[in-house]
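The values are calculated or read from the model by the stated rules, or taken from the named source; none is laboratory data. The shown structure was predicted, so the numbers you read here are calculated from the model rather than taken from an experiment. Cβ placement follows ideal geometry from the backbone for every residue including glycine, while neighbour counts extend to all protein chains displayed.
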Amino acid sequence: MSERASPVPPTKTESTTEQSADTTLEEDESHEIRETPEHKPITTGAQGVVRALENAGAEYAFGVQGGAIMPVYDALYDADIQHVTMAHEQGASHAADAYGIVAGEPGVCLATSGPGATNLVTGIADADMDSDPMIALTGQVPTEMVGNDAFQETDTTGVTKPITKANTFASDPNTVGDDVSEAFALANTGRPGPTLVDLPKDVTLGNTSSAREPAEPTTPDTYDIQEYADDEIVQQAARRIETSSRPTMLLGGGVIKGDATAEARAFAIEHEIPVVTTMPGLGAFPEDHELAMEMAGMHGTGYANMAITHCDTLIAVGTRFDDRLTGGVETFAPDAEVIHVDIDPAEISKNVHAEYPLVGDAATVLEQLTDAVHTSPKATKWRAQCQQWKSAYSMAYKTPDDEPLKPEFVVEALDEATSDRAIVTTGVGQHQMWACQYWTYTEPRTWISSHGLGTMGYGLPAAIGARLAADGDQEIVAFEGDGSFLMTIQELAVAVRENLDITVVVLNNEYIGMVRQWQDAFFDGRHSASEYNWCPEFDTLAEAFGAKGFRIDDYDEVADTVEAALDYDGPSVIDAHIDPQANVYPMVPSGGDNGQFALTEDQL
């Protein structure tokens, strides 16, 4: 594969001509050199907002211009932050979300008041469900008009209060920078999540009474995070692990968000404990390791679900035990005593009772357990049983010549053609599950998807955010379905404009595939509003946007097309026409017993 050019937009260029101490020379979009102030005294609330972002280290912001947010955009004009104009505010929120996941720092999105702010809501809710660090800045009508149903007025803080970690209605030009700094800190401290600052136009336009810098990003004094778990419970948990004969580790998304993958891997390998992951936890443990049982849950591997169902000790780290993982709670890990590590005490015993509740930072608590566990559990027979399950419930599939292209084959072809550090983003649907099941994840922060909210259309804007956060040599592959891709396809124009090297693979089955699968299984095959044979030709449409379009119809075309799409220096779209009847298995019906997973429709 050829080397790729850096994916980031052109950076600001410095002139070699003589310049004053407080100015730089910059080339704007018209290629005219203009003089810009560098860290001049803050005179407006909007400048305070932008300076707070700069002081926090923000490098990118994703958004859409508008009337009420215009003062902030005017201040961004002179900033060191690169703004990426998105085609839709929802795309901005998803791009910021994915940026935050890959970078490990809050992504930033902006929108104007009213419809701009409400268009961010889906992405904010998505980040909230998945505990992703993000900060949203929304314009608002002037303070004196709030509550009067002014043009493009919405109670943004009221609308978003249930789906943000914290939100603030800014009230003073002198302190609005402090509001933004605090929101930035809160987004990534403890359990990450989205924060929001609503910015009335009179506050951002207002003059400041002093030129003081915004406060450094710090959390309020009342915000207390417990880093270390209770030592007595750690010791009790350690004794349980030592005497276990069927131990299993369950690694959730919190392992990755807490930068605890090294500690989790070391603990599992040292004590030879089989490892299962949740969907958000993909990449927390290398799936090519012999201890890896891969993903559990509704569409998890049969062997992962068997390991959880039959273990006697479940060491769960950074998971909220959501229903897509557990199925029926009463049948989840029925024989196990549960050791639950989580930084958020609200998650402990919320869904699954924990005999050993360990509240604290994932990496820190795993280090505590490492020090406390003196002998490895005697689990030779258990490991052999897990390997037997891996053979019995293999994820192998057939590719008959007389049947249409199988989606699994396409996913595996992309996996084989890319490096271990390649980043996968997806929308939501069958394609998301195939991307979980048939891509081998070995590194953290390489799997970016919508888990808790299940947002169709997430994949493309997420790929944009991931591309800007990733290293230049990391490939970005976005898997989408035909229905999912249509929801945010306009963001392809952004990828083209910025010349971002991403590869979008549309697993096109002319259905909302997961809905069709459920209709076949549970609604007598009545395909109400799930047939999508009216979609455009995505390869042709990609060319209209200025991207490179490809189409795949059979197996012989896969290898060469994948290579060509990955080698293309810029955004490419592969419209892969797959078997419209292909289904995702294994499958556990909603609320079912994970140990009674179905491998075919007639087993449901």
Q: Enumerate the pairs (first residue in the range 456-476 and in contact (Cβ under 8 Å) with a residue 24 or more places away in the chain; second residue anywhere and of a type in the set (S, T, N, Q) and surrounded by fewer than 24 Cβ atoms within 10 Å (Cβ to Cβ)) with beta-carbon separation below 7 Å, excluding pairs fewer than 6 apart on the same chain, so at least 6 apart or on different chains.
A: Gly472/Ser6; Glu475/Thr418; Glu475/Ser419
(Q) Just checking, does the range 53-66 include any residue being of a type in the set (A, V, I, L, M), out of contact with any strand residue (DSSP E or B) (no Cβ under 8 Å at 6 or more places or on another chain) and surrounded by 20 or more Cβ atoms within 10 Å (Cβ to Cβ)? (A) yes
Q | Filtered residues of the range 470-486 (kept if part of a helix (DSSP H, G or I), buried (at least 24 other Cβ atoms within 10 Å of the Cβ) and either among the aliphatic types (A, V, I, L, M) or touching a strand residue (DSSP E or B) at 6+ places or on another chain (Cβ under 7 Å) (or both)) | A | Asp482, Phe485
Q. In the range 571-589, how many residues are under 23 Å from Val494 (Cβ atoms) and either among the β-branched types (Val, Ile, Thr) or surrounded by fewer than 18 Cβ atoms within 10 Å (Cβ to Cβ) (or both)?
A. 2
Q: Give the range 72-95 a look and list any residue that's over 27 Å from Thr425 (Cβ atoms) and crowded, with 24+ Cβ neighbours inside 10 Å, or say none.
A: Val72
(Q) Tell me the residue from Ala372, Ala384 that is in the same structural domain as Ala237 (by TED's automatic domain parsing) and touching a residue at least 24 places away in the same chain (Cβ under 8 Å), please. (A) Ala372
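Condition check ((1) part of a loop (DSSP other than H, G, I, E, B); (2) modelled with pLDDT of 95 or more; (3) among the basic types (Lys, Arg)) across all residues:
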{"position": "Glu290", "(1), (2), (3)": "yes, yes, no"}
{"position": "Glu294", "(1), (2), (3)": "no, yes, no"}
{"position": "Met306", "(1), (2), (3)": "no, yes, no"}
{"position": "Thr309", "(1), (2), (3)": "no, yes, no"}
{"position": "Ile315", "(1), (2), (3)": "no, yes, no"}
{"position": "Arg324", "(1), (2), (3)": "no, yes, yes"}
{"position": "Ala333", "(1), (2), (3)": "yes, yes, no"}
{"position": "Ala346", "(1), (2), (3)": "no, yes, no"}
{"position": "Pro357", "(1), (2), (3)": "no, yes, no"}
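Can you confirm whether Gly465 is out of contact with any Lys or Arg (no Cβ under 9 Å at 6 or more places or on another chain), closer than 23 Å to Ala103 by Cα and surrounded by 24 or more Cβ atoms within 10 Å (Cβ to Cβ)?
The answer is yes for Gly465.
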Q) Can you name every residue in the range 171-228 that is aliphatic (A, V, I, L, M) and within 27 Å of the chain's Cα centre (by Cα)? A) Val180, Ala183, Ala185, Leu186, Ala187, Leu196, Val197, Leu199, Ile225
Q) List pairs: first in the range 486-499 and assigned by TED's automatic domain parsing to the domain that holds Gly570 and over 15 Å from Thr540 (Cα atoms), second among the basic types (Lys, Arg) and surrounded by fewer than 23 Cβ atoms within 10 Å (Cβ to Cβ), Cβ under 6 Å, 6+ apart or cross-chain? A) none
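Go through Glu403, Glu443 for me and flag whichever is over 26 Å from Asp288 (Cβ atoms), touching a residue at least 12 places away in the same chain (Cβ under 8 Å), among the acidic types (Asp, Glu) and assigned to a loop (DSSP other than H, G, I, E, B). Break it down stepwise before answering.
Working: Glu443 fails: over 26 Å from Asp288 (Cβ atoms).
Every option except Glu403 fails the conditions.
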Q: Considering each residue of the range 110-129, count those that are under 20 Å from Thr426 (Cβ atoms) and over 11 Å from the mean Cα position of the chain (by Cα), and give that number.
A: 3
Q) Does Leu325 qualify as being among the hydrophobic types (A, V, I, L, M, F, W, C) and farther than 21 Å from Ala379 by Cβ? A) yes
Q. Just for the range 309-320: of the residues that are under 22 Å from Thr380 (Cβ atoms) and touching a strand residue (DSSP E or B) at 6+ places or on another chain (Cβ under 6 Å), which one is surrounded by the most Cβ atoms within 10 Å (Cβ to Cβ)?
A. Ile315
Q.
Suppose we keep only residues that are hydroxyl-bearing (Ser, Thr, Tyr) and surrounded by 11 or more Cβ atoms within 10 Å (Cβ to Cβ) within the range 381-398. Which one would you say is nearest to Asn305 (Cα to Cα)?
A. Tyr393
Q. Which one of the conditions (1) among the small types (Gly, Ala, Ser); (2) in contact with a Phe, Trp or Tyr (Cβ under 9 Å, 6 or more places away or on another chain); (3) loosely packed, with under 15 Cβ neighbours inside 10 Å does Ser210 fail to meet, given that it meets all the rest?
A. (2)
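One line per residue, one yes/no per condition, for (1) part of a helix (DSSP H, G or I); (2) touching a strand residue (DSSP E or B) at 6+ places or on another chain (Cβ under 8 Å); (3) touching a residue at least 12 places away in the same chain (Cβ under 8 Å):
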{"position": "Phe267", "(1), (2), (3)": "yes, yes, yes"}
{"position": "Val276", "(1), (2), (3)": "no, yes, yes"}
{"position": "Gly281", "(1), (2), (3)": "no, yes, yes"}
{"position": "Ala284", "(1), (2), (3)": "no, yes, yes"}
{"position": "Met298", "(1), (2), (3)": "no, yes, yes"}
{"position": "Ile339", "(1), (2), (3)": "no, yes, yes"}
{"position": "Asn351", "(1), (2), (3)": "no, no, yes"}
**Q.** Conditions (1) out of contact with any helix residue (DSSP H, G or I) (no Cβ under 7 Å at 6 or more places or on another chain); (2) at pLDDT 95 or above; (3) not in a helix (DSSP H, G or I): number failed by Gln432
**A.** (3)
Q: Give the residue, chosen from Glu213, Glu153, Glu242, Glu182, that is among the acidic types (Asp, Glu), at negative phi and in the same structural domain as Tyr303 (by TED's automatic domain parsing).
A: Glu242
(Q) Val180 - would you say it is part of a helix (DSSP H, G or I), in contact with a strand residue (DSSP E or B) (Cβ under 9 Å, 6 or more places away or on another chain) and under 16 Å from Cys109 (Cβ atoms)? (A) yes
Q: Please work out which residue is farthest from Arg320 (Cα to Cα), limiting yourself to the range 339-356 and to residues that are out of contact with any Asp or Glu (no Cβ under 8 Å at 6 or more places or on another chain) and buried (at least 19 other Cβ atoms within 10 Å of the Cβ).
A: Ala354
Q | Every residue from the range 135-169 that is crowded, with 24+ Cβ neighbours inside 10 Å and over 30 Å from Trp447 (Cα atoms) | A | Gly139, Gln140, Thr156
(Q) Only one of Leu186, Leu251 is touching a helix residue (DSSP H, G or I) at 6+ places or on another chain (Cβ under 6 Å) and surrounded by 18 or more Cβ atoms within 10 Å (Cβ to Cβ). Can you tell me which? (A) Leu251
(Q) What's the number of the only condition in (1) surrounded by fewer than 20 Cβ atoms within 10 Å (Cβ to Cβ); (2) more than 22 Å from Leu76 (Cβ to Cβ) that Asp132 fails to meet? (A) (1)
